[in-house]
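Just below is one structure, and these are the notes that go with it.
The values are calculated or read from the model by the stated rules, or taken from the named source; none is laboratory data. Here the structure is a predicted model, which means the values were calculated and not measured. Neighbour counts are summed over all protein chains in view; Cβ atoms, including those assigned to glycine, are modelled from backbone coordinates with ideal geometry.
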Amino acid sequence: MEVILLFGAGLIAGAINSLAGGGSFIAFPALLLAGVPPVLANATNTFAALPGYVTGAIGYWSDLKAHKGALLRYGVAALIGGLLGAELLLHLDDEVFSAAVPWLILIAVALFAFGQQINQWAAARTASMSGAARLGAILLWLLLVAICIYGGFFNAGLGIVLLAFFALAGLTDIHAMNGLKLAVSSVVAAIAVVRFALGGAIAWYEGSLVFAGTLIGGYLAARIAHAVPRQALRMAIIVYGVVLTAVFFWRAYA
């Protein structure tokens, strides 16, 4: 039953990530349901999500070529932020993290639900300031580090925040923004997974089952993506996320 639960959760999470995003809302609770402690479940979920980021970034490589000059500074921010976020997670015990989980899921669901509005706000804010240069390159870079700290600590919702950041930084090409989002997410997840592995914080058996399911689910969903009504899927994920948030608040505070 555990194999079916975790592999099945990986299949669904991979498919959802491929079609609309939000797969962590499936994989993370499944790991908890399988008996993986909260901190390990969160770290293991990052491990399971990593291949999707990497393959996605590779798929956008042609769109990333125009931004090769920015990749280095974005990558450094992702390394620093991802490592700090992972380190922060490893210094929390399961009881403290369990109390924080409902709030983290609430943030992730809100980001998922209002991601388009957030990106539009960021783009409008950039236009009103005649370009993001006025913010200062250093301030923008520090903001990216802070975003990546969140990503290293709790992976869900990272992509939405990164898209808003790139809009704030003045980018308008959605394909390039998606490619940069996946590239930065890959670095954040990779350095976090290395730190989690060194800290013994990854449940390799359970994570490998989710990992395998994610790869297959993502591939299969990509083959039928044109036939899936994405808006209806997004609404279903949001409803599920709201219910999931309520369940976690009840478990943590009831």
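Considering only residues that are among the charged types (D, E, K, R), surrounded by 14 or more Cβ atoms within 10 Å (Cβ to Cβ) and modelled with pLDDT under 90, which ones fall in the stretch 189-244? Selection gives 234 alone. Close Cβ contacts (under 8 Å, 6 or more residues apart or on different chains) running from residues in the stretch 158-173 that are over 18 Å from residue 53 (Cα atoms) to residues that are part of a loop (DSSP other than H, G, I, E, B) comprise 170/131.
Conditions tested, residue by residue: (1) among the aromatic types (Phe, Trp, Tyr); (2) at pLDDT below 95; (3) within 16 Å of the chain's Cα centre (by Cα); (4) within 22 Å of residue 235 (Cβ to Cβ).
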{"position": "4", "(1), (2), (3), (4)": "no, yes, no, no"}
{"position": "15", "(1), (2), (3), (4)": "no, yes, yes, yes"}
{"position": "26", "(1), (2), (3), (4)": "no, yes, yes, yes"}
{"position": "29", "(1), (2), (3), (4)": "no, yes, yes, yes"}
{"position": "48", "(1), (2), (3), (4)": "no, yes, yes, no"}
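Candidates in the stretch 245-254 are the residues that are among the small types (Gly, Ala, Ser) and farther than 19 Å from residue 37 by Cβ; of these, the one that is surrounded by the fewest Cβ atoms within 10 Å (Cβ to Cβ) is 254.
Residue under question is residue 121, and the condition is that it be touching a helix residue (DSSP H, G or I) at 6+ places or on another chain (Cβ under 9 Å), modelled with pLDDT under 90 and surrounded by fewer than 16 Cβ atoms within 10 Å (Cβ to Cβ); does it hold? Yes, satisfied.
Selection of the stretch 1-20 for residues being over 14 Å from residue 213 (Cβ atoms) and buried (at least 20 other Cβ atoms within 10 Å of the Cβ) yields 19, 20. Taken over the stretch 245-254, the criterion of being modelled with pLDDT under 85 and small (Gly, Ala, Ser) is satisfied by 252, 254.
Looking across the stretch 57-106 at every residue that is surrounded by 16 or more Cβ atoms within 10 Å (Cβ to Cβ) and not in a helix (DSSP H, G or I), the one that is modelled with the highest pLDDT is identified as 92. In the stretch 51-79, the residues that are over 9 Å from residue 183 (Cβ atoms) reach residues that are of a type in the set (Val, Ile, Thr) with C-beta atoms within less than 8 angstrom, at least six apart or across chains, in these pairs: 51/214; 52/214; 77/145; 77/184; 79/187; 79/191. Of all residues in the stretch 136-188, those being part of a loop (DSSP other than H, G, I, E, B) and within 30 Å of residue 98 (Cα to Cα) number 4.
Looking at this structure, is residue 249 under 27 Å from residue 84 (Cα atoms), part of a helix (DSSP H, G or I) and either without any contact (Cβ under 8 Å) to a residue 40 or more places away in the chain or within 20 Å of the chain's Cα centre (by Cα) (or both)?
In short, no.
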